[in-house]
Amino acid sequence: MNTIAVRMHTYRVGPDELTEFLSRRAALVAGLRAEYPGLAQVQLIRLEDGTYRDTWRWDSFEQMAAAFPAAGSPQAAAVQSFLTEAAALNGEIVDER
């Protein structure tokens with residue numbers, strides 16, 4: 001059985017850049033889904049401190065790892081250009097109800 005993998009990003013985006021950021025992020029997600037199988041869910045949450053939590057859920061760690069080279073793509077760079085105070089962590093779901 002595969003373990004569901006999750007990659008979580010936390011960052012800030014300037015309020016005047018949010019619309020363009022969301023457009024570029026949507027294009028990036030669509031491109032990744034077309035090229036890499038296993039991207040099950042992508043969720044962006046604005047937290048009360050003004051940061052964003054971007055959670056990418058993959059069907060397996062292997063599928064997530066296969067997509068890591070895409071982080072250097074022009075599409076990813078276009079999205080990342082909006083981010084400040086960015087950090088990322090990988091994890092796995094151990095309980096979900």
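Only the coordinates and a few stated rules stand behind these numbers; no lab work does. All values reported here derive from a predicted model rather than from experimental measurement. When we count neighbours, we look across all protein chains shown, and the Cβ atoms used for this are built from the backbone with ideal geometry, even at glycine.
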- Taking Lys and Arg as +1 and Asp and Glu as -1, residues besides E17 with C-beta under 12 Å from its C-beta add up to +1
- Query: Around I4, which amide H atoms from residues at least 5 apart in sequence, or from another chain, sit under 5 Å from its own amide H, with H modelled in the peptide plane?
  - Reply: I93
- Before anything else, pin down the relative contact order of the chain: Cα pairs under 8 Å, at least 6 apart, normalised by residue count, whole percent. 48
- Query: What distance in nm separates the simple spin-label points at A70 and N90, each placed 7 Å from Cα in the Cβ direction?
  - Reply: 1.6
- Item | Cα-only Debye scattering, the chain: base-10 log of I(q)/I(0) at q = 0.16, 0.18, 0.24, 0.25 Å⁻¹ | -0.68, -0.86, -1.40, -1.48
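Could you grab the Rg to Rh ratio for the stretch 28-77? Cα atoms only, Kirkwood for Rh. Present the calculation step by step, with values, prior to reporting the outcome.
Numbers: Rg = 12.0 Å, Rh = 11.8 Å.
We get a ratio of 1.01 for the stretch 28-77.
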- Message: Helix-only estimate, please: 222 nm mean residue ellipticity of the chain, summing -39500 (n - 2.57) across DSSP H runs of length 4 or more and dividing by its residues, to the nearest 500.
- Response: -9500 deg cm²/dmol
